[in-house]
Structure formats: structure tokens, C-alpha cells
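Chemist: Below is the structure I would like to discuss, written out as C-alpha cells.
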Amino acid sequence: MTHELNPPGYRFYPTEEELVSFYLPIELEGRREDIHRVIPVVNVYDHEPWQLPNEAGELCNGETEQWFFFVPKQEKEVLGGRASRTTISGYWKATGSPTYVYSSSSKVIGVKKTMVFYQGKSSKGKKTKWKMNEYRAIKEELDATNKFCIPKLQHELSLCRVYVVSGSVRAFDRRPLGIGTYEIGSSSLLSS
């Protein structure tokens, strides 16, 4: 008898708040090993984007729209340098300005940077449909009204959402309201 990993209809669609306030702190603090069944630790820059779905956590294997990874700080960054976002066939390029991620109580809890994958060399790369949102947690929550305070990021680890642009306006907004939300003290990684 084979054990099905995902029950029928299971989808892992966390909100940005859940990614930054629940999953990222759990990994940063090393509180739960079973979290890697959902979000594994993978250096996404060691892989081409189309290889990343095969690296997804076992509870998200077979997902066709988005994949999540904890990405450790690169050795260059540890020494004070810039991260290398190149792969063998191309590179990830930041697009737009980083934005804050807010809690439901309007506190700044993290920063999101969006990147697009370009195939080819830096100056002549061809834009692809692969995108990535990189989330970093901040050390303390900030009040959204305090625009002059610059948050201190936790750089040891980031959480990345990799996806293919679908053209759908509601790409990440498919959960019914009020279902599948987490409380920070929740003992379950999966929503009911």
C-alpha cells in the first residue's frame, strides 16, 4: 500500500505574511526539522530555474505554479561581498525597488525583492517568464507609520518563491478568505 504524501486537493499557498512571520522565523531559529518537507534548503543559484521544481519539498512535489526554498547566505556575502545570482545559462536580475512586507496589524515584518531570470550573458540576456520573490525577515517589527526608521534585515537566510509568470491577475490569490491562516504558535505546518 503506497502512502499518498498530499491529500487530494492539497495546495500550499501561503501569504507573504505567513512566509515572513511563520516559516522564515522557524527556519532561522532552527525550531522544526519537518519544515523542510514543505520548504527545503536549496541554493537556487546553483540551479537553472526550470530545474527548481524537482528540488521542491516533498509536500510540494508536483506543484505546477510556484515553489519555495530557504536560501542560505552565500560565502561571498559572509565576507562582505555581493551575492552572485548567475547560473550556467543566465542570471537573476532584480526588478523594481524592494518593498516591505506588512503584518495584518500594519507592522513591517520583512522585505521583498522581485527578480526576473534572463537567459544569456548580462548585457545581451533574454528575459524569460521565470520570476522569484526573495523574502528577508527583519530583526524587530516596525510600525508602518515610522517611515524614517530603516529596518535591520536578518541576512543569514532568505525565503524564495520561484514561479513562472502565468498572466493571471490572481496567480497567488486562490484561497477562500478566512481559510488556511496560521497562528504563530500553531503546532501544524499545514492548514486544514
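The values are calculated or read from the model by the stated rules, or taken from the named source; none is laboratory data. Note that the structure is a prediction, hence the values are computed from the model and not measured. When we count neighbours, we look across all protein chains shown, and the Cβ atoms used for this are built from the backbone with ideal geometry, even at glycine.
Chemist: Name the residues in region 119-140 that are crowded, with 18+ Cβ neighbours inside 10 Å and over 20 Å from Q66 (Cβ atoms), would you?
Modeler: I138
Chemist: Would you check if there is a residue in region 52-71 being touching a residue at least 60 places away in the same chain (Cβ under 8 Å), surrounded by fewer than 16 Cβ atoms within 10 Å (Cβ to Cβ) and in contact with a helix residue (DSSP H, G or I) (Cβ under 7 Å, 6 or more places away or on another chain)?
Modeler: No, there is no match, as no residue in region 52-71 is touching a residue at least 60 places away in the same chain (Cβ under 8 Å), surrounded by fewer than 16 Cβ atoms within 10 Å (Cβ to Cβ) and in contact with a helix residue (DSSP H, G or I) (Cβ under 7 Å, 6 or more places away or on another chain).
Chemist: Tell me the residue from P151, P98, P53 that is at pLDDT 90 or above, in contact with a strand residue (DSSP E or B) (Cβ under 9 Å, 6 or more places away or on another chain) and not in a strand (DSSP E or B), please.
Modeler: None of the others qualify; the one that does is P53.
Chemist: Separate question: Report every pair of residues separated by at least 6 positions or lying on different chains whose Cβ atoms are under 8 Å apart, first residue within region 107-135 and assigned to a loop (DSSP other than H, G, I, E, B), second of a type outside the set (D, E, K, R).
Modeler: The qualifying pairs are G120/S89; G120/G90; S122/Y91; G125/G90; G125/Y91; G125/Y118; G125/Q119.
Chemist: May I pose another question? Could you please find all residues in region 1-50 being of a type in the set (D, E, K, R), at pLDDT 85 or above and part of a loop (DSSP other than H, G, I, E, B)?
Modeler: Of everything in region 1-50, just one residue is of a type in the set (D, E, K, R), at pLDDT 85 or above and part of a loop (DSSP other than H, G, I, E, B), namely E48.
Chemist: Please enumerate the residues belonging to region 21-51 that are within 26 Å of K127 (Cβ to Cβ), touching a residue at least 40 places away in the same chain (Cβ under 8 Å) and hydrophobic (A, V, I, L, M, F, W, C).
Modeler: V44, W50
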